[in-house]
1. For the pair A80 and K207, how long in nm is the line joining their label points, each one 7 Å along Cα→Cβ?
2. So how much slack lies between N114 and L169, counting 0.36 nm per residue of separation and subtracting their Cα-Cα distance, in nm?
3. Return the distance in nm (one decimal) between the two label points of a simple spin-label model at R195 and K121, each offset 7 Å from Cα along Cα→Cβ.
4. On a full-extension model of 0.36 nm per residue, what is the gain between V176 and A97, subtracting their alpha-carbon distance, rounded to one decimal in nm?
5. Once you've got the Cα coordinates, tell me which of K109/K165; K65/K153; K121/K143; K125/K181; K109/K181; K153/K181 are over 30 Å apart.
6. At a Förster distance of 22 Å, what's the computed FRET efficiency of Q139 paired with D105, Cβ-Cβ distance as r, to 0.05?
Amino acid sequence: MALLGKRKKTAKRAAAFCKLAVLRFQAEPLKVPGKFALLLFSLVLTGNEQSLKADDTVSTEYQVKAAFLYNFPKFVQWPASAIPKRSSPIIIGVFGANPFGDELDRLVKDRTINEHPIEIKQSRKPDELRSCHLVFVSQGEGKRLPELFAALKGASVLTVGESAKFADLGGIINFVVEAGKLRFEIDGDSASRARLRISAQLLKLAKTVRGAREVEN
């Protein structure tokens, strides 16, 4: 019980920091220096006190998106069967073209999410991503979305994209840029179909929430 209380306290503190970081970033255009954006999200959201070295070959936008992909799972609850053991890894997948370079691998190296190790998996074959807990789809893979969602049907996978039709086709979280500010939308119906529960803290940070509001208590 003490451990559970400690985890809830940590989650609430992380949510508060997350909100502060998002508001701070939204006040600045995407053209802010990449190292500043990555530092803001990596240090504030993860609580890591060490300075991080960003990949200068990756744009500011994808450095920030990589930080979001690392933090999203902290506010999502998967069915017990999806993460059966404490040693079970949380797998973050990238479908098709990888716009992150080495940024995601560098960001999650030697880190855990709720004590679970983190793995990065990249594949152009949708069937190979069913074992992932989160799958990111870049805008360039938009034409293959129906193929991907068909392959992931019935799996508890948090899909994250960045294209206009992503939510309409069944995606759960979609990044949008408005007036140079990075935001995200959440489709509650798609999350419910994937048997995922999204925390109220993350829902509050979303630009919009469509459909059901399945939240974690």
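No lab work stands behind these numbers, since they all come straight from the coordinates. Computed from a prediction, not measured in an experiment: that's the story for all the values here. A quick note on method: Cβ atoms are made from the backbone with ideal geometry, for glycine too, and the neighbour counts reach across all protein chains shown.
1. 3.8 nm
2. On the way: separation 55, 0.36 × 55 = 19.80 nm, distance 3.05 nm.
The span from N114 to L169 would gain 16.7 nm if fully extended.
3. 1.7 nm
4. Values: separation 79, 0.36 × 79 = 28.44 nm, distance 1.87 nm.
Full extension from V176 to A97 adds 26.6 nm.
5. On the way: K109/K165 32 Å; K65/K153 25 Å; K121/K143 21 Å; K125/K181 32 Å; K109/K181 28 Å; K153/K181 32 Å.
Beyond 30 Å: K109/K165; K125/K181; K153/K181.
6. On the way: r = 21 Å, r/R0 = 0.96.
Given R0 = 22 Å and the Cβ-Cβ separation, E is 0.55.
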